[in-house]
Amino acid sequence: MNSNNGKRFLPEGKHLLMGNVAMAEGAISAGLKFFGGYPITPSTEAIEHIAKRLPEVGGCCMQMEDELASINAVIGASLVGAKSMTATSGPGLSLMTETISMAANLEIPFVFCDVQRVGPGSAGPVTDPHHNDIGLIRFAGHGEFQVIALAPMNCQELFDLTITAFNFAETYRCPVFIMSDAYLGHLHEVVNIPPKEEILKRVIKRELPEDVTARVYSYKDRETGEYIIPKAPIMGTDYCPGIFLHMPHGPEGLPTPKPLEFMEMMIEKIKSNINKISMVDKHKLADAEIVIIAYGLPVRTSYRAVEIARNEGIKVGLLRLITVWPFPDDIVKEAVKDAKVIIVPELNYTGVIAEQIERVKKPTTPIIKIGKVGEFHHPDDILKVIREVAK
Amino acid sequence: MSDIAPMFPNEKPEHPYLKQSYGGKIFGNFASLFCGGCGYGIIGQIFTRVFEDEKLDPKLHPTIIGIGCYSQILLLVHEASQKVLALHGRAPAVATGMKMANPRMKPIIFSGDGDCLGIGGNHFIHICRRNVDCLIMIFNNSIYAMTGGQGAPTTLYGAKSTTTPYTMFENRSDGVKLALAAGAPYVARTTVAHPRTLMKYFRKALKHKGTSVIEIITPCVTYFGRKNLDSLGAEYLGGKGEKMDTGGRMIDWIKRNSVRINQAKFMTEEELFNKYVIGEFRYEPKPEYSGEYAKIQKIAMGGK
């Protein structure tokens, strides 16, 4: 399975790729070895492309009988040491949540690409975007645990952030989500593929630790209080906890009868590393009176809106969240500290992230949500609000 | 008293398999977590025996355990085997992922009747259809015992359970017929009352490359036996039965209620109603999934 015949990397340079394909290529560059999927609009192109590409690099792509089987096969493959992922959409995600909980419990690393579509239900305009799963994946499943979610905004980022997602999965051993959507997945854009040496330098490999008798699960260092996250266990080697593989484990990395300690470890191992995980883009924020906070597709229109508004002399800035979960509380708090108004353009009606911002902003700062479902924001939609509040 | 796990230290014989059993290794005279009369101890012992006698490589034979009473079997079976507790019904899917990520492995799946024929029926059908190299053991005790005796897809017609207090009226599902229809190349059924046959089938399945399905009829005294009469399966005789409230009575009932496949050919539908047909139903090796996928990989890589 480890054959590397040079087909793993696309040739260096510019390629015109579809979003789902760019994501797939990013995964293969990151060393994807197993993909279990089930066709669902709008993520189907991912499994189609991977079915063609993965056997070329000695990996395995399986179209399973349903979403439940595909995510469980992904977990199984990850348990024996293959980097694995799945791609699906909202209805598939809701089926898979049970297993996502199990993966979080056992600290099995895997990457999940969610190409979001209009929901709820499985009918309707399924080829239109709707950032509706962003709330579901915060605690994707039963039990409490922390996931990492990344929100790309173009095909280049779908490629790059997929590699980052695999690295996060290997490092923090939690479910990592790439929150794509129907427009982004079907968008064709130029993707600049870096030389393979550069990609290889970035990729964190799945390998055995030097000491295979070491503790397998994350634990809290008694002296420093830091969380140490060891490499993921690999079944079929000596680095496998045998009978303890399925048990909830506490801050010592050993089975515990106290669920509270287990929950604390589950969440704090990610939260204590939030500075390394949080990625944001601060665009003209320094003197901004009006702050736009966005993630995913609305960022593209927000950039344009900021540019036009700045030309008109309105002091507006943009905070772009690349990492959506864990929510970067401190960064957002700092960014909206001096803001007069916060504008949150989101591709959903509820405003899931707006609610999070409400939690960290000053109580007096007003927050304006611009919700859209099934369609893109036009820069004018945001500009109209900016001009109104700047009056 | 079984000699693999005696109740009292002074009874303890030096048994070679006891050292290999996880419970035995840690607790010495550890008996088991199962109720009196349960058949899972027998299965755990047989697994340990075969694992030890065949000198199976624990790294290449991961054990994937579903959800049911038998989930506790991981305390009884060979300590070296690497075990993973899958979600309810999803063990075949986990095994598929493992096998495809490391084709040298041969996963062994412990699954129950509710696990494999109820919630995980779809995964069971498709692992048989794909012919992924693995061994599926379905422990059929005709009841959902872990949750307290609810009706299962395999509960016999006319039996009582906590969710069918006025007798079961649904048709029962037959794991062997399902596996045969789905195309599993090796299908057999036996009972814990026939342990040597079970060992024989187990060894054969280990040597067979492809999906092997072995359904094992086991007794559940606590939730099935105490509620039901031993006239189940012999309705055509019209007699009144007795409660099967001991392990002995249940094993007796299982023996009486199972019919060998060669005898079953000469019996009528009515006589076979509510009976367990035991034996080997099919042994026709055919191309295995991971081997076929390796060919696809070769084509994709540009070879021939």
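The values are calculated or read from the model by the stated rules, or taken from the named source; none is laboratory data. Since this is a predicted model, take the numbers as computed values, not measurements. Note: ideal-geometry Cβ built from the backbone for every residue, glycine included; neighbour counts use all protein chains shown.
So that you can scan it fast, the table gives a plain yes or no per residue for (1) over 15 Å from the mean Cα position of the chain (by Cα); (2) outside any loop (DSSP other than H, G, I, E, B); (3) of a type outside the set (S, T, N, Q):
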site: B:33; (1), (2), (3): yes, no, yes
site: B:48; (1), (2), (3): no, yes, no
site: B:58; (1), (2), (3): yes, no, yes
site: B:71; (1), (2), (3): no, yes, no
site: B:92; (1), (2), (3): no, yes, yes
Look through the stretch B:138-156, keep the residues that are within 20 Å of residue B:190 (Cα to Cα) and not hydrophobic (A, V, I, L, M, F, W, C), and return whichever of them is surrounded by the fewest Cβ atoms within 10 Å (Cβ to Cβ).
-> B:153
Test residue B:231 against the stated conditions and say whether it is closer than 15 Å to residue B:156 by Cβ, among the small types (Gly, Ala, Ser) and outside any helix (DSSP H, G or I).
-> yes
When (1) in contact (Cβ under 8 Å) with a residue 24 or more places away in the chain; (2) in a loop (DSSP other than H, G, I, E, B) are applied to residue A:224, the one that fails is (1)
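Scan the stretch A:13-46 residue by residue and report those that are surrounded by fewer than 17 Cβ atoms within 10 Å (Cβ to Cβ) and either modelled with pLDDT under 90 or small (Gly, Ala, Ser) (or both). First the steps, then the outcome.
Of the residues in the stretch A:13-46, the ones surrounded by fewer than 17 Cβ atoms within 10 Å (Cβ to Cβ) are A:13-14, A:16, A:39, A:41.
A:13, A:41 - these are the residues of the stretch A:13-46 that are surrounded by fewer than 17 Cβ atoms within 10 Å (Cβ to Cβ) and either modelled with pLDDT under 90 or small (Gly, Ala, Ser) (or both).
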Check A:162, A:237 and return the single one that is touching a Gly at 6+ places or on another chain (Cβ under 8 Å), touching a residue at least 60 places away in the same chain (Cβ under 8 Å) and surrounded by 22 or more Cβ atoms within 10 Å (Cβ to Cβ).
-> A:162
Among residues of the stretch A:309-338 being in a loop (DSSP other than H, G, I, E, B) and under 28 Å from the mean Cα position of the chain (by Cα), the residue nearest to residue A:387 (Cα to Cα) is A:336
Which residue pairs have Cβ atoms under 8 Å apart, sit 6 or more places apart or on different chains, and have a first residue in the stretch A:317-337 that is on the phi < 0 side of the Ramachandran plot and touching a residue at least 60 places away in the same chain (Cβ under 8 Å) and a second that is β-branched (Val, Ile, Thr) and assigned to a loop (DSSP other than H, G, I, E, B)?
-> A:325/A:147
Looking only at the stretch B:209-223, decide whether some residue is surrounded by fewer than 23 Cβ atoms within 10 Å (Cβ to Cβ) and not in a loop (DSSP other than H, G, I, E, B).
-> no
Filter pass, residue A:6 being surrounded by fewer than 24 Cβ atoms within 10 Å (Cβ to Cβ) and either touching a residue at least 40 places away in the same chain (Cβ under 8 Å) or under 17 Å from the mean Cα position of the chain (by Cα) (or both) | no
Read through the list (1) over 25 Å from residue B:92 (Cβ atoms); (2) not in a loop (DSSP other than H, G, I, E, B), then give the number of the only condition that residue B:168 fails.
-> (2)
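Are any of the residues in the stretch A:360-379 without any contact (Cβ under 8 Å) to a residue 24 or more places away in the chain and not in a loop (DSSP other than H, G, I, E, B)?
no
Go through the residues of the stretch A:290-301 one by one and say whether even a single one is among the hydroxyl-bearing types (Ser, Thr, Tyr) and under 22 Å from residue A:117 (Cα atoms).
The answer is yes; a qualifying residue exists.
Among B:114, B:175, B:120, which is the only one that is under 16 Å from the mean Cα position of the chain (by Cα) and within 14 Å of chain A (Cβ to nearest Cβ)?
None of the other options fit; the residue is B:120.
So which residues in the stretch A:165-186 are not basic (Lys, Arg) and not in a helix (DSSP H, G or I), if there are any at all?
The answer is A:174, A:175, A:176, A:177, A:178, A:179, A:180, A:181.
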Tally of residues being more than 14 Å from every other protein chain (Cβ to nearest Cβ), surrounded by fewer than 17 Cβ atoms within 10 Å (Cβ to Cβ) and within 30 Å of residue B:104 (Cα to Cα) across the stretch B:246-304 = 8
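May I ask you to list the residues in the stretch B:214-234 that are among the hydrophobic types (A, V, I, L, M, F, W, C) and within 26 Å of residue B:33 (Cα to Cα)?
B:214, B:216, B:217, B:220, B:221, B:224, B:229
Quick check: is even one residue across the stretch B:93-102 more than 7 Å from every other protein chain (Cβ to nearest Cβ) and closer than 18 Å to residue B:213 by Cβ?
Within the stretch B:93-102 (the criterion being more than 7 Å from every other protein chain (Cβ to nearest Cβ) and closer than 18 Å to residue B:213 by Cβ), the answer is yes, since at least one residue qualifies.
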Only one of (1) free of Cβ contacts under 8 Å to residues at least 12 places away in the same chain; (2) hydrophobic (A, V, I, L, M, F, W, C); (3) touching a strand residue (DSSP E or B) at 6+ places or on another chain (Cβ under 8 Å) does not apply to residue B:261, and that is (1)
Looking for whichever is within 23 Å of residue B:51 (Cβ to Cβ), polar (S, T, N, Q) and in a helix (DSSP H, G or I) here; the options are B:190, B:197. Which one fits?
-> B:197
Scan of the stretch A:209-261 for residues that are among the hydrophobic types (A, V, I, L, M, F, W, C) and modelled with pLDDT under 85, ordered by number | A:212, A:214, A:216, A:240, A:243, A:244, A:245, A:247, A:254
May I ask you to verify whether residue A:54 is free of Cβ contacts under 8 Å to residues at least 40 places away in the same chain, crowded, with 22+ Cβ neighbours inside 10 Å, within 12 Å of chain B (Cβ to nearest Cβ) and not small (Gly, Ala, Ser)?
-> yes
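Before we move on, is residue B:154 within 15 Å of the chain's Cα centre (by Cα), outside any strand (DSSP E or B) and hydroxyl-bearing (Ser, Thr, Tyr)?
yes
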Reported set for the stretch B:58-92 where residues are surrounded by fewer than 23 Cβ atoms within 10 Å (Cβ to Cβ), at the interface with chain A (Cβ under 9 Å from one of its Cβ atoms) and closer than 15 Å to residue B:133 by Cα is B:60
